[in-house]
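Colleague: Once you've had a glance at the structure underneath, I'll fire off some questions.
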Amino acid sequence: MQGGRRQPAAVVEPEGDRTRVVRQTDVANAKTARVDQLPMGGEQSWFEQPKQDLPRPDQRPEPRQQPPRPDQQQRREQGAAATMRVDQLQRQDQPRSDQQRPPQQRPEPQQHEDLPVTGYDQEPEDRLSAEEPKKNRKPLLVGLAVLVVAALAGATLYAVARLDGSAAIETRPPAAPAAVQPLVKEATAGAPAPTAAGVRQALAGPLGNAALGTLTGSVVDPANGTPLWQAGDTTPATPASSLKILTAAAALLSLDKTAQLSTKVVQGAEPGTVVIVGGGDPTISGVPGRSVYPGAATLDDLVNQVKQKGPVTKVEFDLSRYTGEALGPQWEQADIAGGSVAPIVPFMLDGGRVDQANINGARTGSPGQAAADAFAQRLGAPAATAGTAPAGAQVLGEIKSAPVEQLVDNMMQISDNVLTEAIAREIAIKTGNEPSFAGGVKAVRDVLGKHGFDLTGASFVDGSGLSASNKIPAKLLTDVLAVAAEPTLDDQRTAMLRPLLTSLPVAGGSGTLAGRYTGAAAQGKGWVRAKTGTLTAVNALAGVVVDVDGRVLVFAFMSGSDRNPETEVRPALDALAAALRGCGCS
């Protein structure tokens, strides 16, 4: 469960027979020290915008005014303005300061195999150690393939930001007052509909790979809901981290996307005593400049606010926001040291990580105590003790997380179990369920069921997919993805779920797919977006892909195999999705 964080605004310019990503980064002012930082140059980060500047849930931000290119002007004259909301940034391994230049047009190269890729291609549940990057390696990034929907001349077309070539992408952070303005290469108008026979033919070769073991899956055309390929798609199988698709969907369907998780410090019952009230935010940054969570609130901010109110002689911490066990059913204690998870409590720093910037590093077994002790130490107080905040106590300090939509994006990109379970509990609180593992699961099921998704055969005990006892059918994953990827926003669910697509890692470009899609799967690089999943003898891949005819397809593949996941099973799954990209399945 690893991956990337949001990156500075970037453009793509030609460099010989390839493209080079050019970024503008102000390292001195950066909030985080590695992947996926926010723009830090002369422009204010959206996390730093005054609260009143953020758009209300019922109010879309006005488009950023830019001089139109000739082809843009022509499209505007032909039909309605395009609806392009892309909540994705380009990603890189570490900050870099380059002079930003405007995008230049160039023909699209035919081969992508030589494009450099950095990032993470393993999930911590594999218990495999990722190779550390060499200090002198220059961080280079494959451009993102971002799905958007454009309404042109009365017809709705899919548009795609190419991996490289003439259509570069320049994005701005989501939910900012200025809307995202991607430069896109339009898909072919009137792209032919794929056929079941064409998809079967395209998948026939990759399906013959014995490394896939027992495979269940589904491929669907979201434009009309037509199933194009199935293999045991209604048979429950272990989804591993692809289960996060359901938790993310439930969050987008039930929570205010602009809401933030609040951590407060209040006056204690005795003079000089303060109580930290855990508000469910696991992303609080304990060390400035070291965080895997973009836009995270900082412990130092909270400390400084409290310092201004007077001396502190005793610190208590209140974890009563959550109930039940702190570790999920069938979770292994070894997963804490292995970096997969920490006990789920409503107050912690950096998701419980010991090394704040190491996505897959070991976590602490007592994240609430560790966070409270760090707070107390910075105030010059003794070690913290557990306590309860007095009713109606005076608030001495408060910090807030990034908005929910950004948290969902981050949890999907780096496949973070702790953040996912925190979001599941927020769904539980919102829906009147208890904030526990059982309550979070019930809440996710209730929300999805309320919105018309069939959960027949689905049985899961956590929100993150870490338990091997979780079972869901592949059809449930493609049902959710198909609604998110419908070509129009006529279905209210589609409008709510659209950010799910842009939260998915990009093949060969970001998150848990950054280092994948080489060799036989290279044609899918930049065109596939998918959520990964890995447990012992289980691998999954579920997402979206644009085929060569410009048609968007959704897919879910779940493999039960004892073959090597890194060298055999994952490449085999990647080849399946890449085959859909190149199928021309009409």
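The values are calculated or read from the model by the stated rules, or taken from the named source; none is laboratory data. Everything quoted here is computed from the prediction, not taken from an experiment. Neighbour counts run over all protein chains shown; Cβ positions are idealised from the backbone, glycine included. Side chains are part of the model used for accessible areas, which takes the heavy atoms of the whole protein and leaves out ligands, DNA and RNA. Shrake-Rupley method; radii C 1.70, N 1.55, O 1.52, S 1.80 Å.
Colleague: Mind ordering 476-489, 319-332 by average Cβ neighbours within 10 Å, highest first?
Modeller: 476-489, 319-332
Colleague: For the range 225-380, divide the Cα radius of gyration by the Kirkwood radius and give the resulting Rg/Rh value with two decimals.
Modeller: On the Cα set of the range 225-380, Rg over Rh gives 1.07.
Colleague: Could you tell me the extents of the range 297-428's C-alpha atoms along the three principal axes, largest first, rounded to whole Å?
Modeller: For the range 297-428, the Cα spread along each principal axis is 43, 30, 29 Å.
Colleague: While we're looking at this one, here's another question. Using only protein heavy atoms and a 1.4 Å probe, report how much of GLU270 is accessible, in Å² to the nearest 10.
Modeller: Number for this one is 110 Å².
Colleague: Restricting to Cα atoms and excluding each atom paired with itself, what does the Kirkwood estimate give for the range 224-284 in Å?
Modeller: Answer for the range 224-284: a Kirkwood hydrodynamic radius of 16.4 Å.
Colleague: A follow-up question, please. Please report the Cα spread of the range 466-562 along all three principal axes, rounded to whole Å, starting with the longest.
Modeller: 43, 33, 21
Colleague: Mean projection of the alpha-carbon convex hull of the range 403-528 over all orientations, in nm²?
Modeller: Mean shadow area of the hull around the Cα atoms is 8.7 nm².
Colleague: Provide the solvent-accessible area of ILE429, counting protein heavy atoms only and rolling a 1.4 Å probe, rounded to the nearest 10 Å².
Modeller: ILE429 has an accessible surface of roughly 70 Å² with all protein chains in place.
Colleague: Over the range 279-366, what lengths in whole Å, largest first, do the semi-axes of the equivalent ellipsoid take, defined as the square roots of 5 times the eigenvalues of the alpha-carbon gyration tensor?
Modeller: 25, 17, 10
Colleague: Any idea what log10 I(q)/I(0) is at q = 0.27 Å⁻¹ for the range 320-380, Debye with uniform C-alpha scatterers and no solvent?
Modeller: Once normalised to I(0) and log-transformed, intensities are -1.14.
Colleague: Okay, moving on. With label points built 7 Å along Cα→Cβ from the Cα atoms of THR488 and ASP355, find their separation and express it in nm.
Modeller: Those two pseudo-labels are separated by 5.2 nm.
Colleague: Continuing with this model, one more query. In nm, to one decimal, how far is the SER366 label point from the ALA269 one, both placed 7 Å along Cα→Cβ?
Modeller: In this crude label model, SER366 to ALA269 measures out at 2.2 nm.
Colleague: Now for a separate question. Please find the FRET efficiency linking THR456 to ALA337, where r is the Cβ-Cβ separation and R0 is fixed at 35 Å, and quote it to the nearest 0.05.
Modeller: My answer for the efficiency is 0.40.
Colleague: Work out how far the C-alpha atoms of the range 350-406 reach from end to end along every principal axis, then list the three figures in whole Å, largest first.
Modeller: That gives 39, 33, 18 Å along the principal axes, largest extent first.
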